[in-house]
Structure formats: C-alpha cells, structure tokens
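Visitor: Would you mind keeping the following structure in view while I ask a few things?
Just so it is clear, none of the values below were taken in a lab; they were calculated from the coordinates. All values derive from a computational prediction rather than experimental measurement. Cβ placement follows ideal geometry from the backbone for every residue including glycine, while neighbour counts extend to all protein chains displayed.
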Amino acid sequence: MPVLTEWRAELERTVGAGRFLILVVDDGSNDATPSRLAELGWPELRVHRHSNRGHGQSCLVGYIEANRTGASWVFQIDSDGQCEPAGFAESGSAGTKPRPCTAAVSVAMTAPQGA
C-alpha cells in the first residue's frame, strides 16, 4: 500500500484534491489487500475485485471501469514500483512528452469528466 499512498499524494499535488479517482483492479489477491484497501477510507478510491483472470483481462477491466466513470483520461501504473510518483507531473497529463512508464495496469487512476 505504500506505493498507492505515494501516488495519491502526487495526484493531490499535481491535479488537486477531489479532482481524480483511483481505481484499483484486484485480480483475485489472496492476501490482506481487500481489507487494507477498505481501511484506507479514501473517498476517491474505487476497487474492482474479481477472481484471478490474469494481467491482460485486469487491464481491460480497468479501462472498462474507467470508461464507466466518465473519465476524460486514464493514467495507468503497475503495482511493481517501476514508476515513480514524481514522474506523473512530467507525463502527458502535464502537457509534456509522456515518460516511458505507462504500460501494464494494476491501478488505473482516472479523472472524473469535467475535472
């Protein structure tokens, strides 16, 4: 969960509090992930949990769920820690060339329409 906390802080700093949603696609974790996510109590957190379907299906689910929220954009990261939160400000969301760190989704961060 530390990486999720770091990303939330970076989104608040870069986009502004209340101007984003965090969608976690839980691909059938069998650890404490569901309870740890529930304990966070973040109003912008949405969790989609399904049985283990694999990476590709989880990516697709993330995009479908983001579309359902009316997201005007999606910033995706994997949960492996390869993308640094500070890089978000340098991504296409800030009007510059995106960094090569937007592949494989475990967490999809979405902006509500009109945000």
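Visitor: Trypsin sites (Lys or Arg not before Pro), restricted to segment 19-85: which are DSSP loop and have at most 16 other Cβ atoms within 10 Å?
Guide: Values: sites: R19, R36, R46, R49, R53, R68; in loops: R19, R53.
Taking segment 19-85 and a limit of 16 other Cβ atoms within 10 Å, the loop trypsin sites (Lys or Arg not before Pro) found are R19, R53.
Visitor: I've got another one for you. Let me know the charge dipole size of segment 10-51 about its Cα centre in debye, to the nearest 20, where only the beta-carbon of Lys, Arg (+1) and Asp, Glu (-1) is charged.
Guide: On the way: 5 positive and 7 negative charges, 30 e Å.
Dipole about the Cα centre, nearest 20: 140 debye.
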